[in-house]
1. What angle, in degrees between 0 and 90 and rounded to the nearest 10, separates the Cα long axis of helix 67-85 from the longest principal axis of the Cα atoms of the chain?
2. What ranking of 19, 60, 40 emerges when the number of other C-beta atoms within 10 Å of each C-beta is taken as an exposure proxy, fewest first?
3. In degrees between 0 and 90, to the nearest 10, how far off the longest principal axis of the chain does helix 103-114 point, with axes built from Cα atoms?
4. Can you work out the PRE-style zone for residue 18? Point 7 Å along Cα to Cβ, and I want the residues of region 29-61 with backbone N under 18 Å.
5. By what distance, in whole Å, do the Cα atoms of region 10-114 stretch along each of the three principal axes, largest value first?
6. If you average the sequence gap of Cα pairs under 8 Å that are 6 or more apart and divide by the length of region 10-114, what percent do you get for the contact order?
7. Roughly what % antiparallel, to the nearest 5, for the DSSP beta bridges in the chain?
8. Place a point 7 Å from the Cα of residue 62 along the Cα-to-Cβ direction; which residues of region 94-108 have their backbone N under 18 Å from it?
């Protein structure tokens with residue numbers, strides 16, 4: 001974990017599947033408790049059959065500081081999935097596209113951010 005002591009993860013909602021999916025790049029799923037709390041708080045605003053899932057194949061970071069970049073990379077994959085076929089793949093969601101979020105892809109994003 002970065003020296004600042006915080007960790008970023010992503011809780012995404014698929015409206016067509018009525019599912020919240022938590023993506024945590026930490027090997028320990030550090031934000032699972034908090035993501036479930038957000039899920040519970042938002043339930044009154046969603047359909048009655050809304051579910052929560054920890055994404056089992058979320059790419060894991062290989063260092064203690066790139067969690068925010070992983071969040072951005074995963075969010076980008078989700079947006080690209082939705083723009084291309086999101087309304088058709090409600091059952092499988094974006095999980096098959098997560099392979100695009102690799103340590104080398106994240107490293108390239110870091111190079112862009114750092115200049």
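Bear in mind these aren't lab numbers, they're just calculated from the coordinates by the rules spelled out. Just so you know, these numbers come straight off a predicted model, no measurement behind them. Note that each Cβ is placed from the backbone with ideal geometry, even for glycine, and that neighbours are counted across all protein chains shown.
1. For helix 67-85, the angle is close to 50 degrees.
2. Exposure proxy ranking, most exposed first: 40, 60, 19.
3. 70 degrees
4. Output list for this probe position: 39-54.
5. That works out to 43, 32, 21 Å along the principal axes.
6. 28 percent
7. Here the share of antiparallel DSSP bridges comes out near 55 percent.
8. Counting only backbone N, you get 98-108.
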